[in-house]
Structure formats: C-alpha cells, structure tokens
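Quick notes on the structure that follows.
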C-alpha cells in the first residue's frame, strides 16, 4: 500500500543516526499502524457486504420471502451496535497503544455497518408486509414501533459519523452521537419483544451491562 511521500518507509536504524531519528521512527511506526488499520477496515467492510449479500441475494434469486432475512439482519444490526457501545469500556481496560487506537478508529465503521444492517432490516420489513398501510397499522404494536423508533434515532447518528460532518458541525456532533444509547435501548426492547427474551438477547445485554459497570467503577476510582 502506497505511503504519502511526506512519510517515507521505515528503514533499519544505524548506530550513528542523529537525535531526530526517534521522532522519525515514531512517524514510520504510525504510518505502519495506519496501513494495517486500513487493511483491517477494508476486510471488515468486505465481510459486512458479503453478509448483506448473503441475506438479499437468496430472496431475489430464489424467490424466497423477505421475512426469512428479517431475523438475521436484525441480529446483525443489534450485535454490531452492541460492539460500538462496548468499545468505550473495553478501551478503559486496555493499556495505551495501537490497540486502543484501532478500537476507536474501527468504532465508526462498525457503527455505520450496524446502521446499514438496521436499514436493510427495516426495508425487509416493508417488503415483507407488502403494503404501506400494513406498515402503518403495525406501528400500533410495541414490537414494531420500537424498531422504527430505534432506527430513526440512528439516522442522525449515521449522518454525523463522517469526517465531513465533524468538520462542518465542530463539537456539536458529539451530542448527536449520544442518541446511540436511546437508539440501542429501543432496539433492545424491539429485540426482546420479537425474540421473547432469547438467550442471545440476555447474553448481549449482560455483557454490555457488565462492561459499563466496570467503566463506571474505573471512573469513580480515578483521582479528581
């Protein structure tokens, strides 16, 4: 993978290198980390696209009903969303270094993938019902409107997750990103009602809850 000319590839150090060499070494190391991170992000999106295609292609090519892709697409969305919420507490448990950087940088991609699968899930719901009035009537049920409300809250979060949005909004993008939590709560409620409290649901909620308790405990012990 090409590296910008301003940051040349690392070369073996010579004993007589000048005092500026350590700084250059750090630059080279950061570029190497960036290269690997770019590769990981690319692989992540290839896997995500393959997963989405695996849900949609059978419906289109084999004339299967859309309802068959609702459960896996919804689970993919909520599990990816859970991973984005887990990044902050997990980061507190890790030593400073490249792994922390990777988690923070990948969180945006994972969150956008969660939104993409959630959008696929909602589109599949519309196609499965087949008529707009059926979709509207379904909003009378908590098992339906919770999913739509959770997805609606994720829309501004996804829009403000790009670098361009950060530059345009300045620090005001951060409050928008906090909508992730109510969106996750509504999505979890939707999942609970649809799955009748499956073991995967409780395991996911338990892990996220435990990580958040650890994060709160670490924050409370930090000297002020």
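Is the shape of the stretch 160-208 rounded, prolate or oblate, going by the alpha carbon gyration tensor and its root eigenvalues a ≥ b ≥ c, with a/c under 1.5 for rounded and a/b larger than b/c for prolate? In terms of gyration-tensor shape, prolate. Residue ranges 67-77, 52-62 sort as 67-77, 52-62 when ordered by packing (mean number of other C-beta atoms within 10 Å per residue, highest first). Spatial offset of the stretch 72-150 relative to the stretch 162-224 amounts to 11 Å, using the alpha carbon center of each. Taking label points 7 Å from Cα along the Cα-to-Cβ direction, residue 45 and residue 168 give a separation of 1.9 nm.
Which of the three applies to the stretch 22-221, rounded, prolate or oblate, going by the alpha-carbon gyration tensor with a ≥ b ≥ c and a/c under 1.5 meaning rounded? Prolate is the answer for the stretch 22-221, as a/c is 1.5 or above and a/b outweighs b/c. Listed peptides 118-126, 86-94 appear in the order 118-126, 86-94 once ranked by packing, highest mean of other Cβ atoms within 10 Å at the front.
Net length available on complete extension from residue 214 to residue 135 is 24.4 nm, with 0.36 nm assigned per residue and the Cα-Cα distance removed.
Quick note: the coordinates plus some simple rules give every number you see, no bench work behind them. The shown structure was predicted, so the numbers you read here are calculated from the model rather than taken from an experiment. Cβ sites come from the backbone with ideal geometry, for glycine too, and all protein chains shown count toward neighbours.
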